[in-house]
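In what follows, a structure is listed as structure tokens, so that the remarks can point back to it.
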Amino acid sequence: MLAECAVDSAPKLRQGPFLIGLFLVTASTLALEILNTRLLSVLTWYSLAFLVIAMGLFGLTAGALRVYFRAEEYREERLAGSLARDARHLALAIPVSYVLLLVVPLRTDPVATTVLLFLVFASAIALPFYPAGVVVAAAVTKTRFPVGRVYAVDLVGAALGAPIVPLLLSFADAGSALFLVASVCALASACFAWAGAERRQLSLGLVLAAALLTAMLVNRGTLHGLAPLWVKGRPEVRALVEQELWNSHSRVVVGPAASGPVSFWGKGVRCPHPNVVQRGIEIDGHAMTPLYHADGGLESLRFLDCDVTNVVHRVRPKGSIAIIGVGGSRDLQAALLHGHEKVVGIELNARLLEILRGPMGAPTLVPDHPAVQLVHGEARSVLARTNARFDVIQMSLIDTWAATGAGAHALGENGLYTVEAWHLFLNRLKPGGIFTVSRWATVETARLMGLAVAALQRSGVAEPHRHLALVSSGLVSSLLVSVDPLTEADSQALEAISAEKGFVVVVSPNSPSRPERLAQILDAKSPEELERITLLPELDFTPSTDDRPFFFNVVRPSALWRPPPAITQGTIEGNLVATRTLLLALLSSTLLVTGAILLPLWRRRRTLTSLGSLPDSSPEEPARPSSEATRTAAVRGAPTPLGAGRRLRLAAALGYFFCIGVGFMLAEIALLQRLSLVLGHPIYSLIVVLASLVAAAGLGSYLSDRLPLDRRPWCFVYPLMIAGLLVLVALGWGRASAGVASAELGVRVAFAVAITCPLGVAFGFAFPCGIRVVRAEFERETPWLWGLNGVGSVLASSLAIIVALAYGLTWLTLLSAGIYLLLLPALWLLTGRPAPERGTTDDVPSDGELESA
């Protein structure tokens, strides 16, 4: 009675400021996840994007469990003050996390210290997500406001948080953007304090917001603020940074102009090494491209003929050329130097075009040249949309070290190295036109040759060896591919330039001898024979496809525990680094979820369940306590009776929530990979998938409350619906995505939303329906259900990458469908008999909490 009076006399929350605070927190949380992904692409590798997702889920789950375990702090009379405090903790945790990520030098050395380093790094990522999880869980489950309205605000904020990141990075670096997000969280703290008339906390929130906003402005206005000290395992020299530009998919650093030896990729051994005024442009901490000054006119750059990447100009010196990847414009300069009448430069990164069109790019003599057309876009999409045909299409070393080093996991460059992409490029050539690709002369060359042969076979070429040439110099090889057979004159031109500059003709139609492995690939008569030749016990040189777009990963998963073959050098080391990174991330995730989720749950197991108490009430077990005794025991906090039958149902409930965590993450990673090829870059995919899935899942959760999906036979509908949609996506993807390949970015985004939204709605049924199915019998076990759901999601993020590498995205999607089908036997057990009556205790979630969980 006294407790009821205390609640009634507590100041009522103001709904408006409360909902604004929740909106700001959820939007900031999704923006934080995307910004951390971008930051890690600079500090480490693109492949660790999944680690951000995993650690975000880990932090959110751990935070939500805290609300269950410390329910007293979040009673309605204390809710506003607690939320204001936790939102303030979130605002402070974001810059602390950022600083830790900047100063921890992540490495992959095979020593025990590396495991500890990964644990610190992963914990730094998860740090701000923990208070975010506390705020969201408490705001959604501990208020008397209409659940539908609160949950809608939660999801709208989350859905809008992801697409706001490109706007933030258009005017600020990642660190300054994080300070701005932190200041928004401080404003959220002030809103929660305002909702509960907490004047002191209101003042603290506003002061903190102002301080963080000031820090953002100061950091943004200087090159000497908080910036990365370690980039991909090496120190960064800030004194060599003249300009730093960020956007949603890269950080571009421009160095000072200086005279020095020319930066060649593959210099001929008979060529001199002249000096030139040049700048270095570094992309995401390692990929370098030079920007040459043509102060004496383009003729002063005649040394470009000495680079094997430009050997195609001796074979096709005139006509039109499309260059994929503008970089610092060296390929455009070489094309102009040889007299190409039309030079189309296609560049995904708008920041590079901004540099070329600005004062730093003027000395290249490229942007204002009448023959040059610079196009911003993803090359596959641009070439698919155009009706133009070209004499040459050139693609020189289009990757980042992140691509080569990270192997394969989530890269924009992957989409350019698939059979489908090369088939498109060959179709955009004029009769006799040549598609030329330059890559590092490592074991990667075998995969490059296999990819060319597969693309030619797809184009109907019966004798691929007559259509190919490979010229090498130093660390680089240039492959020339044509739908029409290369002529005698073409072979002679290659021999002449190679003799003049000191290149080596490795393969040509007139070449009397070829390396054994390349000869086997060139002589393959069918795709099946080609796959048999290129799939080795330890290495995978099979042509990469849109289903397995992992061109840069040549190590088979089955060979991870064996020493690499003696023939592997260069790229293979990058693959091993990527693999060690993946395994270390999985180990770190496992240790963190064990220590921060499973162990706390296990320590509190006596208040949740008691194994082996009284026998169950199934017909074959006659002894059972009365429902009144069960109710009384629950109210007093005594262990709930749990016999063999009930134990089986509890296992089914735990398995159900673990499976929906695993299934959802497998499907999400598959969609991220699939849509990165459609949208042109992984960050676009991350933004679209997260925003649309979150919004659609919220709609599914909302609809589930109005549908009879928690009882037979309707409870079997949504697992079948989810599995059916995933099978449809897996088997129909090729035909569906081909229809939008030539569309503008807006149409491709709409296609991505159309794919993810139906799946998101179906995914949204699983959690709330499962809660309603089990809550009557296992209300006290709710923290376990929530915790295992988070554990499944965290661990599956690493599992998804391993499955995709080994078997492809189709099988990954089908595996997700199979996981969701495992819900059927669990639901059969859980809905097969009436549940016992519930007890009522203070730490048991309310109906509103469960509906919105």
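The values are calculated or read from the model by the stated rules, or taken from the named source; none is laboratory data. Remember, it's a predicted structure, so these values are computed and weren't measured experimentally. Cβ sites come from the backbone with ideal geometry, for glycine too, and all protein chains shown count toward neighbours. Remember, those area values only see protein heavy atoms, side chains included, never the ligands or the DNA or RNA. Shrake-Rupley method; radii C 1.70, N 1.55, O 1.52, S 1.80 Å.
Structure notes:
- For a label point 7 Å along the Cα-to-beta-carbon line of Arg14, residues of the stretch 194-229 with backbone N under 20 Å: 194-210
- Additional length obtainable on full extension of the chain from Arg144 to Glu516, 0.36 nm per residue less Cα span: 126.5 nm
- Net lengthening on full extension, Arg270/Phe171 (0.36 nm per residue, minus Cα-Cα): 31.0 nm
- Förster radius 22 Å - calculated FRET efficiency between Glu354 and Val277, Cβ distance, rounded to 0.05: 0.60
- Spin-label model distance (nm) - Ser300 vs Ser203, 7 Å beyond Cα toward Cβ: 6.5
- With protein chains left intact and a 1.4 Å probe, residues in the stretch 721-767 average 42 Å² of accessible area per residue.
- Estimated FRET transfer efficiency (Leu100, Leu707; beta-carbon r; R0 30 Å; 0.05): 0.10
- Pairs of Lys residues in the chain are counted when their Cα atoms are under 29 angstrom apart and they lie 8 or more places apart or on different chains; the count is 12.
- What a 1.4 Å probe finds exposed on the stretch 747-808 is 76% carbon and sulfur by accessible area, rounded to a whole percent.
- If only the Cβ of Lys and Arg carry +1 and only the Cβ of Asp and Glu carry -1, the dipole of the chain around its Cα centre is close to 1140 debye.
- Dipole of the chain computed with +1 at Lys/Arg Cβ and -1 at Asp/Glu Cβ about the Cα centre; of Gly450, Ile324, Phe552, farthest Cα towards the positive end is Phe552.
- Between the labelled values [x] 13, 34, 30, 19, 5, 0; [y] 13, 39, 30, 14, 3, 0; [z] 15, 44, 29, 11, 2, the entry that holds P(r) over Cα pairs in 20 Å bins from 0, in percent as derived from this structure is [z].
- Contour minus Cα-Cα distance for Glu531 and Arg78 (0.36 nm per residue): 156.6 nm
- Relative packing of 182-194, 698-710, 732-744, which averages over residues the other C-beta atoms within 10 Å, highest first: 182-194, 698-710, 732-744
- Surface share of carbon and sulfur [accessible, 1.4 angstrom probe, percent] for the stretch 78-141: 74
- GluC sites (Glu not before Pro) lying in DSSP loop within the stretch 189-279, provided at most 15 other Cβ fall within 10 Å: Glu242
- Considering only the chain, percent of DSSP beta bridges that pair antiparallel, nearest 5: 65
- For the stretch 68-121, applying the loop criterion from DSSP together with a ceiling of 16 other beta carbons within 10 Å to the chymotrypsin sites (Phe, Trp or Tyr not before Pro) yields no site.
- Across the stretch 385-392, computed HN-Hα scalar couplings (Karplus, 6.51 cos²θ - 1.76 cosθ + 1.60, θ = phi - 60°) run 7, 8, 9, 5, 10, 10, 6, 9 Hz from first to last residue, x flagging Gly and Pro.
- For the stretch 403-549: accessible area per residue (Å², 1.4 Å): 34
- Cα→Cβ-extended label distance, 7 Å offset, between Arg458 and Val504, nm: 3.1
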